[in-house]
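Chemist: First, the structure itself, so that you have it in front of you.
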Amino acid sequence: DAPAASPEWPMAHGPFGNFTPRRWGHRLVEDLRRARRLWLSEDNDLGYGKGSASGYVAVLFKRPAHPGSCSGPIVADQRIFSSSFRPSGSVWAENLPHLKNMKTPLRDEELRKLQQELRLEADDLVLAVDRRTGRTVWKAVEERKGVNRYMGKRLGFGVAPVWFAGRVFALGTTGRLYAYDAADGRKLWETDIGKAHRAAEERKRRCLESKNLPGSWGWNSSLIAADGVLVAPAFDDPRAMGLLGIDPDTGRRLWERPGVNSPYATPALFQTEGRSCLLTATLGGAMHLISPRDGKVLWTVQGLAPNYASLVCSAEHVFAYVDSAMKDRLGRTFARLAAFRVTPSRAEPAWTLPDRSELLLANWMDCAAHRCTAVRDGRVYLYARHDGLDGADGRHLAVVEEKTGEVLHVEENPWEGSLLSVVEDRLLHWKDAVHHDEDEIEMFRADPADFRKLGSPWKPAESAATGYEVYMEVPYADGCLFFRTVTGHLSCYDLRA
């Protein structure tokens with residue numbers, strides 16, 4: 001675990017870079033329905049994240065907030081930081097076919113609201129709130145520098161900010177990179193991510209000319225800080241994303257490494273010998289360890305299954321997907337979890353889970369970028385699903401010994417879920433972290449010798465904002481969970497007994 005003085009959740013995948021929260025030593029409630037909401041932020045400008053499969057039709061049905069990003073908050077310096085965007089400017093999208101074909105004309109007030117949400121430019125936002133009260137500490141607004149990147153079901157703007165050394169770094173909707181003082185929000189510098197930024201600005205120009213929405217195109221890899229370097233996504237290839245190394249003091253580009261990561265993943269951090277290295281994997285089945293200082297690839301493993309989601313690792317192992325021999329009724333190949341022993345110089349196979357239905361992982365879009373694994377205290381927790389195998393659907397939770405791959409516990413679980421998080425001595429399992437209306441959470445005792453459900457499933461009072469293809473992470477810090485909500489707020493729930 002991290003030292004007591006370390007940041008609580010400074011980047012999208014937590015204080016260790018592997019989605020595992022710090023252990024704070026709190027005794028948690030036995031039933032999540034006893035969780036207490038401590039606050040709802042006074043600012044509600046973050047937007048609602050994932051929209052509808054019907055696109056902007058959702059706006060006509062009174063969405064509770066304007067469009068926004070689908071990236072989760074971070075926690076550091078006793079503050080919550082979150083980035084998003086809000087539609088702005090005077091030009092709005094008039095050339096929408098479903099508006100022209102509506103049988104019932106909009107009333108004046110409905111049209112005015114719709115015009116607000118359909119504005120084509122956007123303000124890039126970064127919000128800082130007090131962790132204890134939810135009150136706004138500062139808010140940075142980059143007026144009209146962005147573009148309205150509304151998402152329907154898919155392809156949202158999901159780039160979370162990162163805190164590092166007293167500064168907050170955020171990526172705007174057209175690829176502008178901003179650096180702020182975490183204490184007061186003062187902007188320190190601004191740059192861009194190059195090719196992807198220029199393409200986004202050209203797309204924005206064309207949509208303003210045509211008075212049409214730019215259409216969704218997904219950016220789903222968050223900023224991270226590793227070994228004193230800011231690492232940003234390059235978005236250079238729709239199937240294999242690149243990475244950029246940035247000097248956090250000046251914004252100067254240090255290196256670029258194309259095609260090393262899944263476009264749906266944020267690099268994980270492998271901590272070794274006092275430094276951090278980047279762990280990435282691709283849809284082409286390659287896994288890499290990369291030095292953040294110079295972008296050098298330290299080793300590569302080929303021949304894996306497509307790896308859509310962010311990798312999960314421990315101090316000794318990284319867990320990746322390899323192909324199963326089994327397929328679903330549509331002919332899609334399942335995957336199995338495999339562990340590799342990792343050092344800075346090599347990755348060696350440690351074990352692969354048996355090719356059994358209760359341990360299979362769906363490995364195609366709609367579910368492949370879901371984070372189905374968590375690791376803590378020498379155990380790997382797995383959400384497995386074999387929907388469509390032999391005409392049946394099946395879902396299980398499993399606990400695996402990290403060093404040996406021995407399956408310690410398996411139980412059937414019917415939930416359409418997969419987001420797992422180990423907090424204190426508990427396993428939290430989100431029922432459906434990709435839809436607003438199904439975001440219940442159930443809690444288990446994490447010990448495989450006494451693995452059992454505690455209490456009843458719980459749904460926060462405000463539906464959590466979600467990103468569909470890539471999760472909006474929910475930080476855990478000092479006994480509390482921090483959500484973004486569909487009403488554009490941040491909320492804090494206390495899980496302590």
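The values are calculated or read from the model by the stated rules, or taken from the named source; none is laboratory data. Remember, predicted model here, so these are calculated numbers, not experimental data. As a convention, Cβ positions derive from the backbone with ideal geometry for all residues, glycine included, and neighbour counts pool all protein chains shown. We work out accessible area using only protein heavy atoms, side chains counted, and drop any ligands, DNA or RNA first. Shrake-Rupley method; radii C 1.70, N 1.55, O 1.52, S 1.80 Å.
Chemist: Compute, for the chain, the length of the dipole vector about the Cα centre, with Cβ point charges of +1 (Lys, Arg) and -1 (Asp, Glu) only. Units Debye, rounded to 20.
Modeler: Numbers: 66 positive and 66 negative charges, 207 e Å.
Charge dipole, the chain, about its Cα centre: 1000 debye, nearest 20.
Chemist: Please list, in chain and number order, the residues 5+ apart from Trp255 or on another chain whose amide H is under 5 Å from its amide H, with Hs placed from the backbone.
Modeler: Answer set, sorted by chain and number: Gly245.
Chemist: Highest mean first, how do 483-492, 129-138 rank when packing is the count of other Cβ atoms within 10 Å averaged over residues?
Modeler: Result, highest mean Cβ count within 10 Å first: 483-492, 129-138.
Chemist: Arg36 label point, 7 Å along Cα→Cβ, cut-off 14 Å on backbone N: hits in the range 453-497?
Modeler: Counting backbone N atoms under 14 Å from the label point, the list is 479-481, 492-497.
Chemist: Under the classification rounded if a/c is under 1.5, otherwise prolate if a/b is larger than b/c and oblate if not, where does the range 361-475 fall, given a ≥ b ≥ c as square roots of the Cα gyration tensor eigenvalues? If you can, show how the numbers build up before the last one.
Modeler: Numbers: a/c = 1.59, a/b = 1.17, b/c = 1.36.
Since a/c reaches 1.5 but b/c is at least a/b, the shape of the range 361-475 is classed as oblate.
Chemist: Continuing with this model, one more query. Can you work out the FRET efficiency for the pair Glu201 and Leu111, with r the C-beta to C-beta distance and R0 = 41 Å, to the nearest 0.05? Each step should come with its number before you reach the end.
Modeler: Numbers: r = 29 Å, r/R0 = 0.72.
E(calc), rounded to 0.05, equals 0.90.
Chemist: State the three equivalent ellipsoid semi-axes of the chain, derived from the C-alpha gyration tensor as the square roots of 5 times its eigenvalues, in descending order and whole Å.
Modeler: Details: eigenvalues 224, 132, 115 Å².
Each semi-axis is the square root of five times an eigenvalue, giving 33, 26, 24 Å.
Chemist: In degrees between 0 and 90, to the nearest 10, how far off the longest principal axis of the chain does helix 108-117 point, with axes built from Cα atoms?
Modeler: Helix 108-117 sits roughly 50 degrees off the main axis of the chain.
Chemist: Is the shape of the range 123-256 rounded, prolate or oblate, going by the alpha carbon gyration tensor and its root eigenvalues a ≥ b ≥ c, with a/c under 1.5 for rounded and a/b larger than b/c for prolate?
Modeler: Oblate.
Chemist: Around Arg379, with a cut-off of 12 angstrom between Cβ atoms, what is the net charge of the other residues, counting Lys and Arg +1 and Asp and Glu -1? Write out the running numbers ahead of the final one.
Modeler: Working: positive: Arg376, Lys403; negative: Asp377, Glu401, Glu402, Glu406, Asp425, Asp447.
Computed value for this residue: -4.
Chemist: How large is ³J(HN,Hα) for each residue in the range 292-307, as worked out from phi by the Karplus curve 6.51 cos²θ - 1.76 cosθ + 1.60 (θ = phi - 60°), to whole Hz, x for Gly and Pro?
Modeler: These are the phi-based 3J(HN,Hα) values: x, 5, 9, x, 6, 7, 7, 7, 9, 10, 9, x, 7, 6, x, 10 Hz.
Chemist: Return the long-range amide H neighbours of Leu188 (sequence gap of 5 or more, or a different chain), with a cut-off of under 5 Å between placed amide H atoms.
Modeler: For Leu188, the qualifying residues are Ala179, Tyr180, Asp181.
Chemist: Let me ask something else. Leaving out ligands, DNA and RNA, and with a 1.4 Å probe, what % of the accessible surface on the chain is carbon or sulfur?
Modeler: Percent of accessible area from carbon and sulfur atoms in the chain: 46.
Chemist: Give me the number: length gained by fully extending Arg445 to Ala392, i.e. 0.36 nm times residue separation minus the C-alpha to C-alpha distance, one decimal in nm.
Modeler: Gain on stretching Arg445 to Ala392: 16.2 nm.
Chemist: Excluding residues on the same chain fewer than 8 positions from Lys153, give the lysines whose Cα lies under 24 Å from its Cα.
Modeler: Here the lysines satisfying the reach criterion relative to Lys153 are Lys50, Lys62, Lys100, Lys113, Lys204, Lys211, Lys431, Lys459.
Chemist: In square angstrom, what is the accessible area per residue of the range 58-194 with a 1.4 angstrom probe?
Modeler: It amounts to 39 Å² per residue over the range 58-194.
Chemist: Can you tell me the order of 201-207, 311-317 when each peptide is scored by its average per-residue count of other Cβ atoms within 10 angstrom, highest first?
Modeler: 311-317, 201-207
Chemist: Calculate the spin-label point distance for Met365 paired with Glu209, positioning each point 7 Å from the Cα along the beta-carbon direction, and give it in nanometres.
Modeler: Reported label-point gap for Glu209 and Met365 is 2.8 nm.
Chemist: For a quick check of your reading of the filter: which GluC sites (Glu not before Pro) in the range 74-150 sit in a DSSP loop and have no more than 14 other Cβ atoms within 10 Å?
Modeler: The qualifying sites are Glu94.
Chemist: Still on this structure, I have one more. Which of rounded, prolate, oblate describes the range 426-465, given a ≥ b ≥ c as roots of the alpha-carbon gyration tensor eigenvalues and a/c under 1.5 marking rounded, otherwise prolate only if a/b is larger than b/c?
Modeler: Cα axes put the range 426-465 in the prolate bin.
Chemist: Ok, one more. Just to check I understand the Karplus step: with θ = phi - 60° and J = 6.51 cos²θ - 1.76 cosθ + 1.60, what whole-Hz values come out for the range 8-23, glycine and proline as x?
Modeler: 6, 7, x, 8, 4, 10, x, x, 9, x, 9, 6, 8, x, 4, 8
Chemist: Can you give me the Kirkwood hydrodynamic radius for the range 201-292, using every pair of distinct Cα atoms, in Å to one decimal? Intermediate values should be presented prior to the final figure.
Modeler: Values: mean 1/r = 0.0694 Å⁻¹.
For the range 201-292, the Kirkwood estimate is 14.4 Å.
Chemist: Would you pull out the residues with amide H under 5 Å of Thr272's amide H, same chain only if 5 or more places away, H placed 1.01 Å from N?
Modeler: Cys277
Chemist: Continuing with the same structure: What do you get for the angle between helix 195-210 and the principal long axis of the chain? Use alpha-carbon atoms, 0 to 90 degrees, nearest ten.
Modeler: Roughly 40 degrees between the two axes.
Chemist: Based on the Cβ-Cβ distance of Arg329 and Asp425, what FRET efficiency does E = 1/(1 + (r/R0)^6) give at R0 = 45 Å, to the nearest 0.05?
Modeler: Values: r = 39 Å, r/R0 = 0.87.
Step by step, r from the Cβ atoms, then E = 0.70.
Chemist: Which whole-Hz couplings ³J(HN,Hα) result when phi for each residue of the range 477-485 is put into the Karplus expression 6.51 cos²θ - 1.76 cosθ + 1.60, θ = phi - 60°, listed in order with x for Gly and Pro?
Modeler: Karplus-based 3J(HN,Hα) across the range 477-485 equals 8, 6, x, 10, 9, 10, 10, 9, 10 Hz.
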